Amino acid sequence: NQKKGFFMFSANDYRQLSNTNINISPLTLGTMTFGDQNSKIEAYEQLDFALDVGINSIDIAELYPVPPKADTYTKTESILGDWLQTQDREKIIISSKVAGPRRNLDWIRGGPSSLNEENIVNAVDASLKRLKTEYIDIFYLHWPERNVPMFGQYKFDPGGDQKDGKQIPWVSIYDQLTTLSKLIDSGKIRTIALSNEQPWGLMEFIRIARQHKLPLISALQNSYSLLNRIAELGISEILYREQLSFLAYSPLAFGYLTGKYIEDDKAVGRVNLFPGYAKRFDKPGVRYAVKQYAQLAKKYHLSLTEMSLAFVRSQWVMTSTILGATSLHQLKENVKSYSIELSDDILDEIEQIHLSVMNPAP
């Protein structure tokens, strides 16, 4: 299938989200630039293009755009809500996320102290109002409430469970699932999912849901790229054994896997526009790994972007790859990568680079 020179997905390309009757496209449009780096008009251009080529899955969050700021928070949902008024809502799969505690985001619902019922319900109701829709298809817990390594952290710190010598309380997974179950029963959300979750939490959500006949999660959304394949070390077996869907965010590693920051330290992009925001990629092995992958891509007459996205798409765990772009041109190039098949030879060489500099940006 072709439209205006672009690959279009056929019915066979869509994947069923675990434990649901929801079918999503193998590419998902990321929106976290809408309302800051991208204007409303630019956002509409990306949304229209995505829909034209068959992308039916749109990923969003209450705290977007990023980096999260008090004066831009909620703008992305509001832009998408206005655009949705011109579309057939039932043909579009909308994902949104509730922000949790343990981060300095005091402007979000007064700074949520927990993922209790009040915070989760208020987040859903506010998102529905901004999105101008009656339901959210996939509702994520954006990150765990409990103490876990995330967003560039890579070691579990038991000390993070305490403050001033006292245990920091967190809402139990059972209580979180109970609240989410009520929201499903009310019709406000269709299914639930997790993001930035670790293996223990993933299995606890599954175990507790089964034990108490509460809703099973349908998907996990974590960072995954040539620079961060942490999901392969513990999560991948859970995805396989439990038949869970997986969505990858940051497949281009904040633009590092376009090669632009290797070619020009001052290249335009989030890394330089928002100093300190991309700490996950400010680690010793990143630049070396990017250079190695760039040379390999060149050897096989591919751009680094093409190779990086084709690699992520080719992984057996992948249900959908989330593509975010700051220009329509970038989005079009990213979508074109879907049709690229990597040979066994290039995959073998990717593995050798990976083994020499494993997960430099966890």
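The values are calculated or read from the model by the stated rules, or taken from the named source; none is laboratory data. Bear in mind that the values here come from a model prediction, so they are computed numbers and not experimental data. Backbone-built Cβ (ideal geometry, glycine too); neighbour counts: all protein chains shown. Note: areas computed on protein heavy atoms with side chains; ligands, DNA, RNA excluded. Shrake-Rupley method; radii C 1.70, N 1.55, O 1.52, S 1.80 Å.
Quick check on region 120-138. Is at least one of its residues open to solvent by 40 Å² or more (accessible area, probe 1.4 Å), aromatic (Phe, Trp, Tyr) and in contact (Cβ under 8 Å) with a residue 12 or more places away in the chain?
Scanning region 120-138, I find at least one residue that is open to solvent by 40 Å² or more (accessible area, probe 1.4 Å), aromatic (Phe, Trp, Tyr) and in contact (Cβ under 8 Å) with a residue 12 or more places away in the chain, so the answer is yes.
Go through the residues of region 69-87 one by one and say whether even a single one is among the acidic types (Asp, Glu) and within 21 Å of the chain's Cα centre (by Cα).
Yes, some residue in region 69-87 is among the acidic types (Asp, Glu) and within 21 Å of the chain's Cα centre (by Cα).
Here's the yes/no breakdown for (1) under 24 Å from residue 237 (Cα atoms); (2) open to solvent by less than 30 Å² (accessible area, probe 1.4 Å); (3) without any contact (Cβ under 8 Å) to a residue 40 or more places away in the chain:
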| residue | (1), (2), (3) |
| --- | --- |
| 317 | yes, yes, no |
| 326 | no, no, no |
| 337 | no, yes, yes |
| 353 | yes, yes, no |
| 360 | yes, yes, no |
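Identify the residue in region 204-227 that is hydrophobic (A, V, I, L, M, F, W, C) and open to solvent by less than 10 Å² (accessible area, probe 1.4 Å) and, among all such residues, is nearest to the chain's Cα centre (by Cα).
Ranking the qualifying residues of region 204-227, first place goes to 220.
Within the group 113, 95, which residue is under 16 Å from residue 196 (Cβ atoms) and out of contact with any Cys (no Cβ under 8 Å at 6 or more places or on another chain)?
Result of the check over 113, 95: 95.
Say whether the condition of being open to solvent by 10 Å² or more (accessible area, probe 1.4 Å), of a type in the set (Gly, Ala, Ser) and either at negative phi or modelled with pLDDT of 95 or more (or both) is met by at least one residue in region 88-106.
no
Looking only at region 186-196, how many residues end up being closer than 30 Å to residue 294 by Cα and open to solvent by less than 10 Å² (accessible area, probe 1.4 Å)?
The number of residues fulfilling the criteria is 1.
Which one is farthest from the chain's Cα centre (by Cα) among residues in region 147-164 that are farther than 19 Å from residue 113 by Cβ and part of a loop (DSSP other than H, G, I, E, B)?
157
Within the group 257, 239, which residue is part of a helix (DSSP H, G or I), touching a residue at least 12 places away in the same chain (Cβ under 8 Å) and under 20 Å from residue 30 (Cβ atoms)?
257
Only one of (1) open to solvent by 10 Å² or more (accessible area, probe 1.4 Å); (2) within 14 Å of the chain's Cα centre (by Cα); (3) free of Cβ contacts under 8 Å to residues at least 40 places away in the same chain is not met by residue 234, so which one is it?
(2)
Looking at (1) closer than 26 Å to residue 168 by Cα; (2) in a helix (DSSP H, G or I); (3) of a type in the set (D, E, K, R), which is the one condition that is false for residue 103?
Result: residue 103 fails condition (2) only.
Consider residue 54 carefully, then state whether it is surrounded by fewer than 23 Cβ atoms within 10 Å (Cβ to Cβ) and either assigned to a strand (DSSP E or B) or at positive phi (or both).
Against the criterion (surrounded by fewer than 23 Cβ atoms within 10 Å (Cβ to Cβ) and either assigned to a strand (DSSP E or B) or at positive phi (or both)), residue 54 qualifies.
Assess whether residue 306 counts as being under 30 Å from residue 40 (Cα atoms) and part of a helix (DSSP H, G or I).
It is true that residue 306 is under 30 Å from residue 40 (Cα atoms) and part of a helix (DSSP H, G or I).
Those residues that are open to solvent by less than 20 Å² (accessible area, probe 1.4 Å) and under 19 Å from the mean Cα position of the chain (by Cα), I need them from region 251-276; list them, please.
251, 253, 255, 257, 269
How many residues does region 7-51 hold that are on the phi < 0 side of the Ramachandran plot and either assigned to a loop (DSSP other than H, G, I, E, B) or open to solvent by less than 50 Å² (accessible area, probe 1.4 Å) (or both)?
Number of matching residues: 30.
Can you say whether residue 291 is modelled with pLDDT under 95 and either open to solvent by 10 Å² or more (accessible area, probe 1.4 Å) or over 23 Å from the mean Cα position of the chain (by Cα) (or both), as far as the supplied structure shows?
No: the conditions fail for residue 291.
Across region 71-83, what is the total count of residues that are farther than 15 Å from residue 33 by Cα and open to solvent by 10 Å² or more (accessible area, probe 1.4 Å)?
Residues flagged as farther than 15 Å from residue 33 by Cα and open to solvent by 10 Å² or more (accessible area, probe 1.4 Å) within region 71-83 amount to 1.
From the list 128, 180, 80, which residue is among the hydrophobic types (A, V, I, L, M, F, W, C), within 18 Å of residue 29 (Cα to Cα), in a helix (DSSP H, G or I) and modelled with pLDDT of 95 or more?
Checking each option against the conditions leaves just 80.
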